[in-house]
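Note sheet for the following structure.
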Amino acid sequence: MPALHGRSADFQSARRRAEARLYVHFSAQPTRSRAPGFYNGPVFWYVLLFAVGGSVLSLAGGMALLLREEWARRWSGTLSALAAGTLIGTAFLDLLPEASERGGAAAALASALGGFLLFFIIEQVIVLFHAREATPHHHDHVRAATTPLIVAGDTMHNFIDGIVIGGTFAAGVPHGITTAIAIAAHEIPQEIGDFGVLLANGMSRRRVVLVNLASAAATVAGALLAFAAAALLLPLLPYFLAATAGFFVYIAAADLIPQMQHAALHHRGRALLDVLFLLGGAAVPLIVRHG
């Protein structure tokens, strides 16, 4: 037991030294000389690759709606199950354990609860604003008002997704990859819904694609901003990771699982398949880490 304790202490000491070197790398260099080395680092390219790739992949759901609407709507519930499983698995098997190891279990659980409640409040504010716009006697005005609200909300959502991607890469490349996959998975069924609403509001197909491409660029901007601010984020990393876990659990529980259950009412024979997809999504963090 003393030997094990000694090895554990040596591991923790080595980890703290590595994090200190990372902090120095981001914060101790002069501003003008930091940029070239910073932007040529391999982690930067991981952030850029997965932010851009995730944005493109997330648009696949919307493009499927344009090209094969019946297929996209039929499988949206199963895609929601896969996304929910990926988010839940990433939260409980990747982000929360890492946050607990870095900052302690109590702080991690409190931060996760805070992230869950924060995004619940944000969504409630959006719902209340939406309800205020939606009066039953002015349907054309409602469509005109809700279209920019949907676009603005989607852009802000994408920006937050980008911050989450860039921030989790500061904890390590496997954490960043798992988080980027989880975000892309949950964006696919969401884009199907967003494309459908914008088309129903009278927007042309070409404009829907262009608007969503511009909105997706916010993911890249958020990821690069978070990565550039890694020196500021590093001391808060345990709380950030745990809050992200709470955010993921909220999206899965409040949005994706209800979508899956609603779709299952119209395709009763697919319930078992949805469960398998959810379990498969939950295994993604294990596959990324040990695959």
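Bear in mind these aren't lab numbers, they're just calculated from the coordinates by the rules spelled out. What you are looking at is a predicted structure, and each value in this text was computed from that prediction instead of being measured. Here Cβ is always computed from backbone atoms with ideal geometry, including for glycine, and neighbour counts include all displayed protein chains.
Report the full-extension gain for the segment Leu265 to Val125: residue separation times 0.36 nm, less the Cα-Cα distance, to one decimal in nm.
Result for the pair: 47.5 nm of gain on full extension.
Give or take rounding to whole Å, what are the principal axis extents of the alpha carbon atoms in segment 47-113, in descending order?
The Cα atoms of segment 47-113 stretch 48, 28, 16 Å along the principal axes, largest first.
Compute from the Cα atoms of segment 238-291 the Rg and the Dmax, the latter being the longest Cα-Cα distance, and quote both in angstrom.
Final numbers for Rg and Dmax: 13.9, 42 Å.
Would you compute the Debye intensity of segment 186-249 from its alpha-carbon atoms alone, equal scatterers and no solvent, and pass along log10 I(q)/I(0) at q = 0.15, 0.22, 0.26 Å⁻¹ to two decimals?
Here log10 of I(q) over I(0) equals -0.67, -0.95, -1.09.
Can you give me the distance in nm between label points at Arg68 and Leu149, each placed 7 Å from the Cα along the Cα-to-Cβ direction?
3.4 nm
When every alpha-carbon pair in segment 142-291 is counted, what percent end up more than 24 Å apart?
Result: 43 percent of Cα pairs exceed 24 Å.
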